[in-house]
Amino acid sequence: MIMGKARLLFFIFIYSMFAMACSPEPEILSGNNSETEISNGNNNLDEENMSNSTIKISVNGTTLTATLKDNVSTRALVNLLKEGPLTINMNDYAGMEKVGPIGTTLPQCNERITTQPGDLILYLGQYFVIYYAPNTYSLTPLGKIDNTSGDELIRILGNGDVTVTISLSE
């Protein structure tokens with residue numbers, strides 16, 4: 001009986017830790033990491049502003065727009081982009097995505113999802129990913145590229161490595 005209660009308390013504790021990781025409250029980051037870590041630090045971003053926040057993605061002479069989700073990760077990304085555009089060198093991975101380091105660590109809000117073409121993902125808190133094919137994994141969703149098919153994304157992103165610049169929409 002005591003083991004059953006202890007096990008139940010343990011599962012409740014673990015569940016609450018996961019639920020807090022994706023809450024709208026700022027994440028406190030710690031550690032002595034050589035990379036910069038960014039918290040969401042709300043900085044005048046409220047839920048109403050995030051409900052229709054968009055970014056621009058410039059790649060190979062094409063500018064795409066993407067609508068962001070509302071979570072701690074996207075708030076941190078928007079705060080980072082307020083400092084200026086972010087240029088990311090991306091590599092093709094597994095014939096389904098382009099992935100590149102953002103040069104800093106953002107808070108994660110992982111959930112098990114199946115990606116679709118155009119999904120924007122934060123991987124391991126440090127990598128910006130553009131999916132052009134499906135993948136199921138535990139990832140942090142950031143948003144989705146607007147009005148673009150998988151075939152169109154493949155054409156725009158091209159084969160192999162690519163450099164993209166993301167910035168806030170005006």
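Tabulated data
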{"item": "Thr65 paired with Asn159, simple spin-label distance in nm, labels 7 Å along Cα-to-beta-carbon", "result": "3.3"}
{"item": "Alpha carbon Rg of segment 51-117, scaled by the compact-globule rule 2.2 N^0.38 Å", "result": "1.19"}
{"item": "Estimated inter-spin distance, Met96 and Leu124, nm [label 7 Å along Cα→Cβ]", "result": "1.7"}
{"item": "Neighbour cut-off at most 12 other Cβ (10 Å), DSSP loop, trypsin sites (Lys or Arg not before Pro), segment 81-170", "result": "Lys82"}
{"item": "Portion, in percent, of the accessible area of segment 87-170 that falls on carbon or sulfur, probe 1.4 Å", "result": "46"}
{"item": "Computed E for Ile113/Glu170 - FRET, C-beta separation, R0 22 angstrom, nearest 0.05", "result": "0.15"}
{"item": "Surface accessible to a 1.4 Å probe, per residue, for the residues of segment 82-170, Å²", "result": "48"}
{"item": "Cβ-Cβ FRET estimate between Thr136 and Asn89, R0 fixed at 25 Å, reported to 0.05", "result": "0.40"}
{"item": "Volume of the Cα convex hull of segment 61-165, divided per residue and given in Å³", "result": "93"}
{"item": "Protection-proxy order for peptides 123-132, 71-80, each taking the mean of Cβ atoms within 10 Å per residue, highest first", "result": "71-80, 123-132"}
{"item": "Rounded to whole Hz, the Karplus (6.51, -1.76, 1.60) HN-Hα couplings of segment 120-136, x for glycine and proline", "result": "9, 10, 9, 10, 6, x, 10, 10, 8, 10, 10, 8, 10, 8, x, 7, 10"}
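The values are calculated or read from the model by the stated rules, or taken from the named source; none is laboratory data. If you're wondering where the values come from, they're calculated on a predicted model, not measured in any experiment. Positions of Cβ are generated from backbone atoms using ideal geometry, with glycine treated the same way; all protein chains shown enter the neighbour counts. Areas reflect the complete protein model, heavy atoms only, side chains present, ligands, DNA and RNA absent. Shrake-Rupley method; radii C 1.70, N 1.55, O 1.52, S 1.80 Å.
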